[in-house]
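Every read-out reported here was derived from the displayed coordinates using simple, explicitly stated rules and does not represent laboratory data. Nothing here was measured: the structure is a model prediction, and the numbers come from that model. Note that we place each Cβ from the backbone using ideal geometry, even for glycine, and neighbour counts take in every protein chain shown.
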């Protein structure tokens, strides 16, 4: 019967240009959809609308300057990106940082992660059509940004990490503010579930949509919460612990389903975990120096260096090939969003436009991170 | 399984490569380009090693030579490994594609092709991904590339 | 009391001109009055929506222009009027320009049936409810044409979605209304209200009436293209859906019509279930403007529920939308009509 119908009702495939200006592409991402009615046959992407060639720029910058460029990659986890470069240089030069630095870095990481996930949650709801979530997400994000502002002097691109420590010491209000935030957010997180997670329409929109198997997830290089939604254990904080992650107790969240709802749940649960990490550390910030003395001109010995950190979007890596000069010979930023985006075609095959929007939202792309 | 074990295992199977960095964080392998595919599929499919996660694919300009650096991670042992392949020909550099072994390489190879001009033999669609479709001003990430506007040096 | 003003005008006109001319002048006056009502309603509802949205979204909403920001929408309307009318080059310009008027005209025609109080109703025919359904189903043409004529794929997808959605949910709206007319026993709107003087139909019809009300609310939300059924616009998927290519006043027509349609749906709900302009306390005729007051209060109550939906729910996908209609609402509706007929037949109404 279905064959007969498709034979009788001749349809024609057509192209739809989604982006670079489109509300669902979260920036200047351009997708070329091959559609049959509303059903997606193929997704092709065209990137580079905000390509700034940061990797090439790094080749003419000193290591201290590179840190500032990493802010502009994934601007929602700028602190974590900064940290990756600092950790790489510190590892290469065997600079041992104090416990205070490690703990503060970890706390800032987790605050960044929460603020990124909260923003994601708001936008996720908006992509599915529930506009109110955006405002709720921003309520909490505002609090975190205020904490950042007080200590780092900036709200988004913080540049708080420097090689060998931190730029400034903590603001005196930091501990109190973080405690206030933990108390506030603990009450508000269940509200998120009430508003969105348990909504029937929302669940129906996500469950079973954008399935990717565990094997495919590894093969496509998926990482971060996107891969953990397929049951892949890939949390860098657990695998290659850095800063103070080896001394805090947290769970790596994985869900085996591999659909959009699993990816959604991973991020929601990660917020709970981040909160618990913050709770463990907030009372135990050790005394000590906030900055270790380093040389004025930093030169990495010849060789290959790799540092991976778990950014809010996943496995962010910095690869540096040094030839012993004060400028790196080649810098590669391994972008988590780019790897996640490559699986989009696989995930969205045979689904509808509305599903594509949902999938794009659950893989949580930030276009500057993809374009680099 | 530590770096030495991995090194021995690979050296037993392949003779034409150089491995260094046993004492470092990860092994560094340099391999001629014609045995790259064989090595990668061995690393991926070997039950003990299981280097099945392509972490990064980096195009690089060594000055004289062009090359590609692959970073693989094992989802079993959580070890990282770095594989370098080089090609002498700067005008028509060719390296075999690995996107049939690691689907993750598909778009990364397009990127390396755009910025370094490395042609990946067997890649179905080496289009312009980041650069404009009508780009014909060379390969911007190469060391000898000069940008007339001096936007990047 | 208001009726006196109307009769006065009628007499004044007859003094100056012949009967036919007076009749035509009256028609023009009424049309002008309804255009005014249309504009004011639209603007007020937009303001209300913004305030309600602000209330739900932890913010204030417009509060600067005029008292409580009441004139904000007027300022916005002025902006829209002064904007350039743009369009795509290859658009079917005739259809493109006329499409908004389909929506506006049908909304106006439907509005003429609404009794704001027992005196203010332009058009009270014996097939009132039926007329309402038929007229409002023409409105879909305007949206469909806009999608088609814009020569934009997003608009086209939006237009196609409209076609699917409106045709499906028209059934449910229609059948929910039919259920209630079985109970009321008449199609004339004034008579439906008259019947409710000893109790609203939602109490009289109890179980089937409540089911019909729920279905009517769901299908009504879909009819007025609001979240969770705003697939037609679906700003995160289609940019702006069918009106992507419309600007200035042409866009404003759609915008206003959407809000007036919501008002009409809410009014029908009030007429069919909550006794129209009747006071819940039984005192109506003695106090001037009481009918208007109660009607407004009830309608705003229903509209608030629509807005509540909009600022709480996510959006359906197109196939889920159809599943809901054809697999759930329609069968329930069918059974509900039979149930209602049985109840009326057996005299089990309250």
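Structural remarks
- Restricting the calculation to alpha carbons of the protein assembly as shown gives Rg and Dmax of 32.8, 115 angstrom.
- CD proxy at 222 nm, helix term only [per DSSP H run n ≥ 4: -39500 (n - 2.57); per residue of chain A; nearest 500]: -14500 deg cm²/dmol
- Considered as an equivalent ellipsoid built on the Cα gyration tensor, chain A has semi-axes of 37, 25, 17 Å, the largest given first.
- Inter-chain Cβ neighbour average for residues A:117-129, partner chain, 10 Å: 3
- Using a Förster distance of 22 Å, the FRET efficiency for residue B:136-residue B:91 (Cβ separation, nearest 0.05): 0.90
- The relative contact order of chain A, computed from alpha carbon pairs under 8 Å that lie at least 6 residues apart in sequence, is 25 percent.
- Across region A:160-194, the residues whose backbone nitrogen lies under 13 Å from the label position 7 Å along the beta-carbon direction of residue A:154 are A:160-162, A:167-168.
- Debye equation applied to the C-alpha atoms of region B:1-77, log10 I(q)/I(0) at 0.27 Å⁻¹: -1.64
- Distance between region B:90-153 and region C:208-228 - C-alpha centres, whole angstrom: 56 Å
- Here the spin labels are modelled as points 7 Å beyond Cα on the Cα-Cβ line, and at residue B:128 and residue C:323 they lie 4.4 nm apart.
- Gaussian network model of chain A, springs between alpha carbon atoms under 10 Å - residue of A:292, A:266, A:200 with greatest fluctuation: A:200
- Within region B:3-121, DSSP assigns beta bridges of which about 75% are antiparallel (rounded to the nearest 5).
- In a fully extended conformation the segment linking residue C:127 and residue C:29 would gain 32.9 nm over its present Cα-Cα distance, using 0.36 nm per residue.
- For chain C, adding -39500 (n - 2.57) for each run of n ≥ 4 DSSP H residues and dividing by the number of residues yields -23000 deg cm²/dmol at 222 nm.
- Between residue A:93 and residue A:34, the distance separating the two model label sites (each 7 Å from Cα on the Cα→Cβ line) works out to 5.2 nm.
- Residue of A:271, A:45, A:124 that the Gaussian network model of chain A assigns the largest fluctuation, springs spanning Cα pairs under 10 Å: A:45
- Burial ranking of peptide ranges A:295-303, A:4-12, C:125-133 (average Cβ count within 10 Å, highest at the top): C:125-133, A:295-303, A:4-12
- As a rough guide to protection, the peptides A:174-182, C:212-220, B:13-21 ranked by mean Cβ packing within 10 Å, highest first, stand as C:212-220, A:174-182, B:13-21.
- Acute angle (nearest 10 degrees) that the helix A:353-362 long axis makes with the longest principal axis of chain A, alpha-carbon atoms: 20 degrees
- Here is how the number arises for chain B: DSSP H runs of 4 or more residues each give -39500 (n - 2.57), the sum is divided by the residue count, and the result at 222 nm is -6500 deg cm²/dmol.
- Test item: A:212-220 mean partner chain Cβ contacts at 10 Å: 3
- Chain B: angle of helix B:105-116 to the longest principal axis, Cα-based, in degrees nearest 10: 50 degrees
- Highest-MSF residue in chain B out of B:125, B:136, B:52 [GNM, Cα springs under 10 Å]: B:136
- Peptides A:321-329, C:238-246, ordered by how many other C-beta atoms sit within 10 Å of their residues on average, highest first, read C:238-246, A:321-329.
- Peptide C:229-238 has a mean of 6 when you count, residue by residue, the C-beta atoms of other protein chains within 10 Å of its C-beta.
- When you restrict to C-alpha pairs under 8 Å that are six or more residues apart and normalise by the size of region B:3-121, the relative contact order lands at 22 percent.
- Region C:90-346: relative contact order as a whole-number percent, Cα under 8 Å and 6+ apart: 26 percent
- Spin-label model, residue A:65 to residue C:337: label points 7 Å out along the Cα-to-beta-carbon direction sit 7.7 nm apart.
- Between residue A:191 and residue C:40, the FRET efficiency from the beta-carbon distance, with R0 = 30 Å, is close to 0.20.
- Crossing angle, helix B:3-13 versus chain B [Cα axis fit, 0-90 degrees, rounded to tens]: 80 degrees
- Efficiency of FRET from Cβ geometry, residue C:249 and residue A:41, R₀ 51 Å, rounded to 0.05: 0.85
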